Amino acid sequence: MNIFQHIKADLRRGDTTLWLVTVNTVIFLLYWLLRLFSVDILDRVLPLPSSPAEALLMPWTAFTYMFTHFNLLHLVCNMLWLWWFGRLFDPWLSRRRLLALYISGGLAGAAIYLLAGGLGWIPAGTLVGASASVMCLMAATALSHPSQKINLLFIGEIKLIWIAAVCVALSFLGLGGGNSGGQIAHLGGLLTGALFVLASLYRQRRSKAPPHRPTPEKTPRREGRNTAGRRMHAPRIAPEVSARIRLDQLLDKIRVSGYESLSRAERDELKSLSSRIDTDKP
């Protein structure tokens, strides 16, 4: 089976990561195909404008921008990251969640981009690319499995959590650069991925927690009745009664085995008990 047959089989199986890569690539190829015929309609209808007023007139751009790339290097970098983290994320969670997380990260990036544009924090322009969505997947994967390692070219094995930390640092450092709008959208995606993991952990803890059971009310103690689990104390026996019982035990032994069966201590005890009981008689 060659690579195209593998791709065809994965698409039929519903591989979410491959579908996302395919949609991004097809839109990129369509864009350049139209450019060959001097048709620039996609430049106007796909990117997300930084002005909230303009975005309200084109609300679909909050969705379409995350599948749009006008630069080959931009597309290749984003699709490689999407492929790596999508493949890492897919075995741990369902494909439906992967798609939902991709879209949620993109929408969060769009929201924070429009907020920054409305407040004048970034220069006027447009936003394209899957970077915010990819950052969301990366943050979710790294925080879910921080010790997971991947091999990077020229670097070697590195933990996912360190990759996420570097991306966060670069996004903050890039806020003052020429791509400040893109960097602030990255932060929206990263935050969404982190919130997704926190929400998942909270649901897991809730599901594992034992159900709340109300404390039973204490019932008043009733005299003369034993309650379950309560230690019962043997009634105290009067000394004279105890002496009579012990005397009867010794006399029974004499009747069965004879006086000679008593030990010296038992004989002395018999005499003592007999004199004591005789003394106690009225």
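Below is a table of values for the structure above.
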{"quantity": "Matching residues in the stretch 56-66 - criterion: being surrounded by fewer than 22 Cβ atoms within 10 Å (Cβ to Cβ) and part of a helix (DSSP H, G or I)", "calculated": "56, 57, 62, 63, 64"}
{"quantity": "Per-region count, the stretch 35-52, residues free of Cβ contacts under 8 Å to residues at least 24 places away in the same chain and of a type in the set (A, V, I, L, M)", "calculated": "4"}
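Rule-based calculations on the coordinates, nothing more; no lab input. Fair warning: this is a prediction, and the values are worked out from it, not measured in the lab. Here the Cβ is made from the backbone with ideal geometry for all residues, glycine too, and neighbour counts use every protein chain on show.
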